[in-house]
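One structure below.
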Amino acid sequence: MGNQFKTALLLAAMTAFIIWIGGMLGGRQGIVIAFLLAGGMNFFSYWYSDKLVLKMYRAQEVSATQSPELHEMVARLSRNAGLPMPRVYIIPQDTPNAFATGRNPQNAVVAVTQGLQKLMNRTEIEGVLAHELGHVKNRDILIGTVAATMAGAVMMLASMARWSAILGGGSQSDEEGGLGGIGLLIMSILAPIGAMIIQMAVSRSREYLADATGAAIAGRPDGLASALEKLGAYSRRIPMDANPSTAHMFIVNPLSGGSFRSLFSTHPPIEERVARLSGQRPKTPSAPRSGAAGADHGKAFWDRMSGN
């Protein structure tokens, strides 16, 4: 519950951040406009953000007839987790990756890339799917999609600040209680970095929780640990065409790159995630369980991860 409470606070901080930027741009009038923008973004994110993200990546829904093995894995893991069966989508990209979205477990979506299906074995795919279902079970898929929309709004406001300074809007905003031209330019640089830091904190806290929950759902941590190692390697070898505002939604950062980008990564280090999973691995790992046996085994693993 601690991580979930933290992500809710950080999401509220992003809303306040947008309102603050509005004040810097246009004084009192800017605060009102930014407040309305933040409220509109929250409403839009709740009802439509999942559709927007799926369309952005040209994801296509697949039925049990079209992809029987994938559907079977998702259905079995959903039963283990005590969740409704989510809709299943495939993203037409060669980079292995996946994300979950939706406003609640009853309207959840699990999306995987074609590359994930081609480059991972069954145990690893189950680990990835269980991780995404962990996000659904922890009810942080909505926070992730809203954070993506809010980050996009901050980028838009920063762009407005930059153009306002270039076109000489600084003097007018200064008279209304906003920043001057130089201040607008500085804010246009710092605002995206601030949004990235908030977005990074939202994601990092929930990724560890989803790893632990996913390992419990699958009944074993080694599939997810192995998948994370492969995902990290492939993300560097096969770059993914991804929007930075949605990077935090994926199981691993699709924008992995140099040291500066790693500093502002929306995900915790893969090595740390694998170490946490491997450190809790049973001495004699068993095969994946199904049904009630899998759920019981998953609960025992979750108790160990939680220290209960």
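Out of curiosity, is residue 235 within 19 Å of residue 136 (Cα to Cα) and among the hydroxyl-bearing types (Ser, Thr, Tyr)? For residue 235, the condition - within 19 Å of residue 136 (Cα to Cα) and among the hydroxyl-bearing types (Ser, Thr, Tyr) - is not met. Only residues that are touching a residue at least 60 places away in the same chain (Cβ under 8 Å) and either among the aromatic types (Phe, Trp, Tyr) or within 18 Å of residue 254 (Cβ to Cβ) (or both) were counted across segment 117-126, and they come to 4. Of the listed requirements (1) surrounded by 18 or more Cβ atoms within 10 Å (Cβ to Cβ); (2) basic (Lys, Arg); (3) under 17 Å from residue 60 (Cβ atoms), residue 118 misses just one: (1).
Whether any residue in segment 20-32 is assigned to a helix (DSSP H, G or I), at pLDDT 90 or above and surrounded by fewer than 16 Cβ atoms within 10 Å (Cβ to Cβ) is what I want to check. No, the conditions are met nowhere in segment 20-32. Failed condition for residue 65, given (1) under 21 Å from residue 131 (Cα atoms); (2) modelled with pLDDT of 95 or more; (3) not charged (D, E, K, R), with all others met? Every condition holds for residue 65 apart from (1).
Sort out which residues of segment 1-12 are at pLDDT below 75, loosely packed, with under 14 Cβ neighbours inside 10 Å and assigned to a helix (DSSP H, G or I), and write them in order of number.
2, 5, 8, 9
Do the conditions hold for residue 51, that is, is it closer than 19 Å to residue 254 by Cα, among the charged types (D, E, K, R) and under 19 Å from the mean Cα position of the chain (by Cα)? Judged against the criteria, residue 51 is not a match.
Residues of segment 48-78 that are charged (D, E, K, R) and buried (at least 17 other Cβ atoms within 10 Å of the Cβ): 50, 76.
Of the residues making up segment 97-115, those that are more than 19 Å from residue 44 (Cβ to Cβ), surrounded by 20 or more Cβ atoms within 10 Å (Cβ to Cβ) and polar (S, T, N, Q) are 97, 113.
The values are calculated or read from the model by the stated rules, or taken from the named source; none is laboratory data. From a predicted model like this one, the values you see are computed outputs, not experimental measurements. Reconstructed Cβ throughout: ideal geometry from the backbone, glycine too, with neighbour counts over all protein chains shown.
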